[in-house]
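In what follows, a structure is listed as structure tokens, so that the remarks can point back to it.
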Amino acid sequence: MTGEPVTLRVNGAERPVAAVAPWTTLLTVLRDEFGLTGAKRGCNQGVCGACTVTIDGEPVRSCLSLALNCADRDIVTVEGLVPAGAPAGALAPVQQALAEGNAVQCGFCTPGILISAHALLRRNAPLTVDEVRAGLSGNLCRCSGYKKIVEAVVSASEARP
Amino acid sequence: MEFVRPDSIEATVAALQADGAACLAGGATLVAMMNADLVAPHRLVSLRDVAALREAARQPDGTVVVGAMRRHRETAEETDLRDGQLVLSEAAAQIANPPVRNMGTIGGSCAFADPAADYPPALLAADARFSLIGAEGRRTVPAGDFFLDWYETALEPGELIESVVLPPAPARTVGSYTKLARVAGDFAIASVALVLGMDGRACIHLAVAVGACGPAPVRRRDVEADLIGGGLGDTEIRRLTDALAEAFDPVDDVRASADYRRRVAPRMVRQALVEAQQRISETP
Ligand SMILES: Cc1cc2nc3c(=O)[nH]c(=O)nc-3n(C[C@H](O)[C@H](O)[C@H](O)COP(=O)(O)OP(=O)(O)OC[C@H]3O[C@@H](n4cnc5c(N)ncnc54)[C@H](O)[C@@H]3O)c2cc1C
Ligand code: FES
Ligand code: FES
């Protein structure tokens, strides 16, 4: 790759890349340089939500974020939802809820859904169905499992202490 | 392609003077177009580190200055906007979906000037103006003179939108933004932005702008002016919707036919005006 060096803070770790071209997106660096393939490239146009990650705590499209513009930001991908050092196979509560609620079909949309849901769950109050639907409105599921996804996120919000 | 990240307005304007330079704001439109190989600026000038562009502030007289880098989510939640100015936050809340609202900015949306975008009609109805800065200095352009044609604005090459300025809305006016779309979060088939003030049965403030029905938002100030001071019943509303419809120049696209837009937009205006009057009469 031609370009300039950049260091990105991903899931709490500082990760240098030797050369990133100006047009390279965060999604490309996550997948091709760091091997973090949780975020998916569905449309590369900001529409589908499969590439959603959080930057400084807010869900955004990694396909529309240029890598060089993400220096000094806190980036969290689906791989970072489970705290570092947790036992192998451990799941975050929202992941557990989707798994138990059979809310995953092919799974392509799931990493983006988990990131959006995780951001929603940071609010304290239990979430209503309408709040969850609005919060996940930027994440498309081609298998159309929305009902179970929404139910699982509502139940995860009710289970919160 | 070159990438620069200046940290002041002066340095940004200087960086924009090169041929093929483009601002990078939220990237929600620009990066999508780069991904599709539709554009390839020679120099990307990132605005992320220019702190002054990220502020919004309310002045003592009620004027609100919204920095170009304010994101849609921030504008949707802006507590500095009052009365009729709320037309802007209502519009911001209906743009796209949460991740896109966390990225996209008011400056980027207005510079791109999609004819179906939500801010342009809202800014026309709010009588907003743009503060632009370029190599020759600052200038102010009213929203009505900013949106010129399909994806065309009054911005000159090398010029930056610094902020959008909303004048104080007359007290007790209401602002509303209604959007008709195929699904929540899609671009508008048609949209109606309005700011209305009533004193009893008399209309004392009226501004209606229609989006997605032509190259730029449509407003009929001539007819609005005629209606000030009188009632706002069926006959008066009809005068305004007829005049607006005359000025529509919609297209057929994937969202709706031009004919459908011509039929639906006047009905949306009527409904928005009736609802706004109701809201005013219910407010003590
Ligand atoms: C999936 C999706 C759905 C969307 N739905 C809607 C919708 O329903 N309604 C709606 O209104 N919009 C919608 N948008 C567009 C969205 O609002 C974009 O955020 C907006 O159009 C561009 O803003 P930006 O900050 O991302 O600008 P960028 O993409 O960074 O830039 C856009 C253009 O503006 C220029 N520019 C940016 N800032 C400035 C400045 N300060 N001065 C001068 N030029 C500047 C850039 O050089 C570029 O040419 C949608 C976008 C996506 C991806
Ligand atoms: S790949 Fe980013 S939104 Fe579809
Ligand atoms: S589970 Fe297949 S796209 Fe959502």
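The values are calculated or read from the model by the stated rules, or taken from the named source; none is laboratory data. Remember, it's a predicted structure, so these values are computed and weren't measured experimentally. Note that each Cβ is placed from the backbone with ideal geometry, even for glycine, and that neighbours are counted across all protein chains shown. Calculation scope for accessible area: heavy atoms of the full protein, side chains included, ligands and nucleic acids excluded. Shrake-Rupley method; radii C 1.70, N 1.55, O 1.52, S 1.80 Å.
Values for this structure:
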{"read-out": "Nearest-0.05 FRET efficiency for A:Asp72 and B:Ala202, computed from C-beta distance (R0 51 Å)", "value": "0.35"}
{"read-out": "Alpha-carbon spread of the protein assembly as shown, three principal axes, descending order, Å", "value": "73, 53, 44"}
{"read-out": "√(5λ) per eigenvalue of the Cα gyration tensor, the stretch B:105-258, largest first, Å", "value": "26, 21, 13"}
{"read-out": "Percent carbon-and-sulfur accessible area, the stretch B:174-282, ignoring ligands, DNA and RNA, probe 1.4 Å", "value": "48 percent"}
{"read-out": "The stretch B:91-132, accessible surface, carbon-and-sulfur percent (1.4 angstrom probe)", "value": "54 percent"}
{"read-out": "Spatial extent of the stretch B:185-227: Rg and Dmax, with the Cα atoms as the point set, Å", "value": "12.6, 37"}
{"read-out": "Nearest-0.05 FRET efficiency for B:Asp242 and A:Thr2, computed from C-beta distance (R0 45 Å)", "value": "0.15"}
{"read-out": "At 0.692 mPa s and 37 °C, Stokes diffusion of chain A via Kirkwood alpha-carbon radius, µm² per second", "value": "204 µm²/s"}
{"read-out": "Global size of the stretch A:21-116 as Cα Rg and Dmax, reported in angstrom", "value": "13.4, 42"}
{"read-out": "Where the stretch B:174-282 is the region considered: accessible area per residue in Å², 1.4 Å probe", "value": "47 Å²"}
{"read-out": "Computed FRET value (nearest 0.05) for B:Ala14 with B:Asp253, which takes r as the C-beta separation and R₀ as 35 Å", "value": "0.35"}
{"read-out": "Accessible surface, per residue, of chain A when the full set of protein chains is kept, probe 1.4 Å, Å²", "value": "47 Å²"}
{"read-out": "Candidate residues A:Leu140, A:Leu66: accessible-area rank, largest first, probe 1.4 Å", "value": "A:Leu140, A:Leu66"}
{"read-out": "Accessible area (Å², per residue) of the stretch B:1-46, counting only protein heavy atoms and a probe of 1.4 Å", "value": "45 Å²"}
{"read-out": "Overall Cα dimensions of chain B, principal axis frame, Å, largest first", "value": "58, 45, 33"}
{"read-out": "Heavy atoms of B:Asp19: accessible area, 1.4 Å probe, square angstrom to 10", "value": "140 Å²"}
{"read-out": "25 °C / 0.890 mPa s Stokes-Einstein diffusion coefficient of the stretch B:174-282, Kirkwood radius on C-alpha pairs, µm²/s", "value": "174 µm²/s"}
{"read-out": "By accessible area with a 1.4 Å probe, ligands and nucleic acids excluded, highest first: order of B:Tyr260, B:Tyr177", "value": "B:Tyr260, B:Tyr177"}
{"read-out": "Members of the stretch B:88-102 that become less accessible by 30 Å² or more once partner protein chains are added (1.4 angstrom probe, chain alone as reference)", "value": "B:Asn97, B:Pro98, B:Pro99, B:Asn102"}
{"read-out": "Listed residues B:Glu136, B:Glu77, B:Glu90, most fluctuating in chain B (Gaussian network, C-alpha, under 10 Å)", "value": "B:Glu136"}
{"read-out": "The stretch B:226-279 and the stretch A:88-161: distance between their alpha carbon centers, rounded to Å", "value": "40 Å"}
{"read-out": "With all protein chains modelled, accessible area of B:Ile204 [1.4 Å, Å²]", "value": "100 Å²"}
{"read-out": "Carbon + sulfur, % of accessible area of chain A - ligands and nucleic acids excluded, 1.4 Å", "value": "54 percent"}
{"read-out": "In Hz, Karplus ³J(HN,Hα) per residue of the stretch A:23-30 (6.51, -1.76, 1.60; θ = phi - 60°; x = Gly, Pro)", "value": "8, 6, 8, 4, 4, 5, 5, 4"}
{"read-out": "20 °C / 1.002 mPa s Stokes-Einstein diffusion coefficient of the stretch A:93-159, Kirkwood radius on C-alpha pairs, µm²/s", "value": "188 µm²/s"}
{"read-out": "Solvent-accessible ranking of A:Lys148, A:Lys40, largest area first, probe 1.4 Å", "value": "A:Lys148, A:Lys40"}
{"read-out": "Total accessible area lost when A and B pair, probe 1.4 Å, Å² to nearest 100", "value": "2000 Å²"}
{"read-out": "DSSP beta bridge pairing in the protein assembly as shown, given as percent antiparallel to the nearest 5", "value": "85 percent"}
